[in-house]
Every structure is written in structure tokens, then in C-alpha cells.
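Notes for the one structure printed next.
Read-outs throughout are calculated quantities, based only on the coordinates presented, and are distinct from any laboratory measurement. A quick note: this is a predicted structure, and the numbers were derived from the prediction, not measured. Cβ sites come from the backbone with ideal geometry, for glycine too, and all protein chains shown count toward neighbours.
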Amino acid sequence: MPKKSSATTASTPDCPIPETSPALRELESQREFWQTTAPYDPARPLLSRESRYEQGKALREQTPREAHAAWTPAADRADPVATVLASNAGREESLIPLRMGRMAESPFAFLRGACAVMAGDLAHTPISGPQVVIDGDAHINNFGLYGTPQRDVVVDINDFDEATVGPWEWDLKRLVASVNVAGRENGLDDDERRAAVMRCVGGYSLNAQRLMTFGVLETWSLFAYADMARHEATLKQMGVQVGNKFRAVVKKVLTKAQRTSSETLLAKVARRQADGGWRFVEDPPILTSLDETTRHKVITSLTEYAETLPAEYRIMLNRYSVADVCHRVVGVGSVGTRAYLVLLFGNGDNDPLFLQVKEAVAPAHAPYLPPVVFRVNHEGFRVVRTQRMLQSLGDPLLGYTTIDGRHYFVRQMKNFKASMPIEFLTGEPFEFWGWSCGALLARAHARTGEIAKIAGYIGKSNAFATALANFAEAYCDQTERDHAALVEAVRTGRIEAVKEENL
């Protein structure tokens with residue numbers, strides 16, 4: 001197995017959860033997520049879902065749902081630009097200007113890249129108590145389409161770099177904030193943005209109410225096909241109507257996903273050489289070759305990675321051989337972390353496989369969680385474990401490894417993946433995508449948390465949705481101010497940034 005470093009522990013001064021609180025006790029009970037699975041207790045007493053629902057309702061007394069509406073920056077709120085600069089620590093220096101340039105493009109790009117800023121802000125917002133495995137970065141662009149081992153295309157959360165255990169509200173608040181910020185950039189007015197956020201919270205709430213009645217095994221077996229025709233009965237049962245415009249958007253994205261494969265990626269990024277081998281084609285700074293030492297380290301790390309796979313997939317992986325390795329920049333917030341792309345071939349040139357070896361660092365929420373929870377010996381293990389918990393159908397080649405003491409996770413690339421064109425959506429398609437993300441997030445939380453307790457807290461009225469709509473609008477204003485501060489820092493030379501067109 002990959003070597004594990006000494007355990008890391010979150011600092012306590014900024015922890016928003018008092019040591020005597022029920023929330024901390026619940027977090028303590030979930031410590032097993034990070035360690036060897038706790039022994040199964042066949043005699044463990046279980047409360048009825050009705051009792052758990054009533055417990056959730058009772059939580060409104062200590063944290064009224066209306067309390068979530070407020071957003072006022074803490075008096076000691078850190079300078080957002082300083083927080084962003086601090087998050088650059090440990091990244092590849094040559095790529096930091098590219099990261100800053102991407103974050104400066106728009107408020108939504110800033111929100112995507114500034115998870116550390118919002119993590120600090122969320123730590124000062126109310127929480128009701130229930131804890132789940134949270135995605136940690138559940139913005140609207142981190143939901144998308146991807147392929148399953150059965151070659152179907154499904155829709156789900158697709159980024160887990162920041163995942164950890166924490167308050168369920170943190171995920172939902174980041175999601176609704178992103179809906180509002182993206183909506184404002186797309187030209188939606190105040191009422192339209194509020195409607196979109198209310199719809200998003202409605203998707204979470206409705207699915208939470210539905211899932212609290214499901215069996216545990218059934219909940220863990222649920223997934224969402226990208227082909228909406230396969231969900232007509234479920235949507236009808238839930239009383240949800242889907243407009244033709246949204247169906248058309250999904251159909252177009254699904255077609256794109258079905259055409260996105262290792263074969264199409266191979267044609268874009270690699271070429272056959274005169275000696276018959278395959279090599280990546282450089283496209284600096286996005287795709288660059290490696291020196292022989294780094295190349296060797298990445299390739300040999302795959303041996304350790306293979307040990308983290310189920311035995312049957314180790315057998316399959318053993319039928320592939322590495323052809324080339326490169327460094328490839330991805331995302332916004334991830335720019336500067338080490339990310340390698342490995343090209344392998346199995347049964348001939350028409351059987352390529354791409355593996356991404358991506359650096360995993362401590363999640364942005366770590367400083368605000370009690371140390372009793374945040375004990376992780378390997379950040380790649382954390383990403384893998386949480387992805388398997390949150391995602392309905394996962395990547396069978398998901399694993400982790402270590403290179404030069406740094407932690408990495410490994411996953412397939414371009415297996416029927418596609419993203420929703422968020423920047424072009426308005427009206428009903430934008431609203432329903434927000435609804436879909438909310439519903440998917442509720443299902444993810446239901447896999448590891450007390451969804452009946454969460455459903456009881458939210459209730460069936462619009463009180464909670466209204467509160468989050470107010471929060472999202474206020475936090476959108478905050479994001480625009482923070483983005484403006486970053487742009488000003490670039491203008492005055494405090495920060496070096498590179499625009500994509502200038503590369």
C-alpha cells in the first residue's frame with residue numbers, strides 16, 4: 001500500500017463548533033470515515049425515521065431556519081486577496097499567474113477558485129447540527145455528466161478535492177451562492193435569481209423528504225441517467241415537470257458526452273512517432289513534457305496506486321502499458337497543484353486509457369473543523385473515500401498514490417464526460433439545472449447522513465428556501481466585492497496574472 005505520512009490535524013482556534021456541542025459529538029461519531037472502518041455492530045439500536053424527523057424539527061429551536069438568511073462579514077474577516085495568495089502555497093510557482101488570471105476573469109470564476117475564502121466565511125454562519133460527508137466545493141459547475149463502468153452516462157457531483165465531514169448546510173450554501181453568482185453573470189434579474197435559488201433549495205428539500213422514506217440499500221443504489229426519458233416515472237411521481245428547452249439542452253450535452261472518449265482525447269493531445277510509439281504534443285503551459293526523473297517517478301507511482309484498487313481491477317490494469325506522461329493544467333482552483341496525465345495502451349492502438357494523477361492537499365474547510373474529525377493520513381485516500389461515499393456510480397479505477405512525499409489521487413479521464421453550458425443558460429433551463437443539482441446533493445448527503453433529521457429541520461414550507469435565497473443574494477454581492485479586490489490587486493501589480501489570450 002502507498003506509504004502514509006504522519007496524521008494531519010486541523011487547528012482549533014477557528015473551529016466554529018464548541019467542544020460541548022451536539023454537532024461535535026456527531027462529528028466524533030463519524031471519525032470512522034477517515035480510519036479503518038469501525039467494527040459492525042449488529043445490535044446497534046436505530047431510531048425510527050419519524051423520531052429522527054421530529055429531532056430535526058426540534059433543531060429549529062436552537063437554530064431557527066430564518067437565521068440562515070443573514071450574511072454579514074465577520075469583523076475579523078481576513079482580506080480575501082490575502083486568503084487567495086495563502087492558498088497558492090505549495091503550488092507550482094510558474095502556474096500561479098495563470099491561476100490568478102483565471103480567477104480574475106469574472107466573479108463566478110473567482111467563486112470557483114476561492115473555496116478557501118468561502119470556507120472561512122461559512123465557518124461563521126449558523127449550523128443546525130447534523131453532519132454528513134460534504135463535497136466541500138459543491139458549486140453548480142461541479143455537477144456534470146460522466147460514464148459508468150457499464151458505459152451508461154449519468155449525472156452527479158464530479159469533483160471531490162475538498163470533500164470532508166462537516167455541516168450539511170455548507171454544501172448547500174455554496175451551491176446556492178454559485179447559482180446566484182452565475183445567474184447574475186447570465187443577466188438574470190433579482191426576481192429570476194431568487195426563483196432559481198428557491199428552485200435549487202426546493203430540489204434538495206423535495207428529494208430529502210422523498211429519500212427519508214427509502215431503505216438504506218435503495219438509497220445507496222440510486223443514480224440519475226443523463227437520458228431524461230429514463231426518469232419520466234420518477235419525475236411524475238415527484239410532481240416535477242421538465243420543460244422542453246431544458247430537455248433539449250440535456251440531449252445536446254448527452255450527445256457531446258457520448259462522443260467524448262479516450263479515443264477522441266488521444267487524437268487531440270498525442271501523436272504517433274516514427275518509431276511507432278505515442279507521445280503527447282506540447283501545448284505550454286497547459287500541456288508540457290516532463291524531465292526523465294519526474295517521468296520515472298510518476299510511472300513507478302502507478303505500482304503503489306494499483307495496490308489501492310480492488311484485486312479484479314489490478315488484473316485489468318496489468319494489461320495496459322504506459323506510453324507517455326505529461327503535466328496538464330486543469331480547472332480554476334486546481335491550477336498550480338501538480339496534475340499529470342498518463343497515456344496507456346491495452347489491446348492495440350485503438351485501446352487507449354488516460355489516467356489523471358492529481359495532487360491532493362488538505363481541504364479548504366480543514367481549519368474550521370474540530371481536530372477529532374480531521375485526521376487523515378493520506379489526502380489522496382480522503383478524496384477516494386469521500387468520492388465513493390458521495391457518488392452513486394464511481395470510477396472503478398479510482399485510487400491513490402504518493403510521489404516525493406506529496407499525496408495524489410488517480411482517476412480515469414474523458415470517460416463520456418461533459419459539462420452543462422452554465423454560462424449560456426437562462427430561464428427554465430437554468431432554474432431546472434439548479435433544481436437538479438439540489439436534488440443530487442440531497443441524495444449524496446443521504447448516503448452518509450441522517451437525511452430524515454435534515455428533512456425535518458427544513459420542513460415543507462418555504463421558510464428555509466427563502467432564507468437561503470436572501471443569503472445567496474448577499475453572498476453574491478460579497479463575491480463581486482472580493483473579485484473586484486483581486487482585479488485591483490492585479491491592476492496595481494500586487495498580484496501577477498496572465499490572461500489566456502496572452503499565453
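Values as computed for the structure displayed
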| read-out | value |
| --- | --- |
| Spatial separation of Cα centroids for the stretch 431-448 and the stretch 287-324, in angstrom | 34 Å |
| Table column - 3J(HN,Hα) (Hz), the stretch 52-60, Karplus curve with 6.51, -1.76, 1.60, x for Gly and Pro | 5, 4, 5, 4, x, 4, 5, 5, 5 |
| Ranked list, fewest to most other Cβ atoms within 10 Å of each Cβ, for Asp159, Asp76, Asp349 | Asp76, Asp349, Asp159 |
| Shape of the stretch 49-149, Cα gyration tensor, a/c cut at 1.5 | oblate |
| Distance in nm between pseudo-label sites at Ala43 and Lys245 (7 Å out along the Cβ direction from Cα) | 6.1 nm |
| If the convex hull is drawn through the Cα atoms of the stretch 251-317, its volume per residue in Å³ | 168 Å³ |
| 3J(HN,Hα) from dihedral phi, the stretch 288-301, Karplus parametrisation 6.51/-1.76/1.60, rounded to Hz, x for glycine, proline | 9, 6, 10, 5, 4, 5, 5, 4, 5, 5, 5, 5, 5, 5 |
| For the stretch 400-415, 3J(HN,Hα) per residue [Karplus equation, 6.51 cos²θ - 1.76 cosθ + 1.60, θ = phi - 60°, Hz, x = Gly/Pro] | 8, 7, 9, 10, 6, x, 8, 8, 9, 10, 10, 8, 6, 10, 6, 9 |
| Structure-derived semi-axes √(5λ) of the Cα gyration tensor in Å: which label, when the choices are (i) 39, 29, 18; (ii) 47, 39, 20; (iii) 34, 26, 25 | (iii) |
| For Ala270, residues with placed amide H under 5 Å, excluding near neighbours | Val281 |
| Packing-based order for 448-461, 47-60, 234-247, 130-143, using average beta carbon neighbours within 10 Å, highest first | 130-143, 448-461, 47-60, 234-247 |
| Cα Rg over Rh - the stretch 430-476, Kirkwood | 1.00 |
| Cross-link pairs Lys236/Lys414; Lys268/Lys414; Lys268/Lys358; Lys173/Lys453 - those with Cα-Cα distance over 23 Å | Lys236/Lys414 |
| Rounded, prolate or oblate (a/c below 1.5 giving rounded, otherwise prolate when a/b exceeds b/c) for the stretch 134-175 by Cα gyration tensor | prolate |
| Computed helical MRE - 222 nm, the chain, DSSP H runs ≥ 4 contributing -39500 (n - 2.57), nearest 500 | -13000 deg cm²/dmol |
| The stretch 315-425 - Rg over Rh from alpha carbon coordinates, Kirkwood radius | 1.00 |
| Cα gyration tensor shape for the stretch 361-421, rounded if a/c is under 1.5, else prolate or oblate | prolate |
| Relative counts (whole %) of C-alpha pair distances in the stretch 96-159, using bins that are 5 Å wide | 4, 13, 16, 19, 17, 13, 10, 6, 1 |
| Amide proton proximity set for Val165, modelled H, under 5 Å, gap of 5+ | Ile134 |
| Amide hydrogen neighbours beyond the local backbone of Thr337, cut-off 5 Å, H modeled | Glu92 |
| Two-decimal log10 I(q)/I(0) for the stretch 161-257, as the Debye equation yields it once each C-alpha is a single scatterer, q = 0.13 Å⁻¹ | -0.64 |
| Mean separation of Cα contacts under 8 Å, 6 or more apart, over the residue count of the chain: relative contact order % | 33 percent |
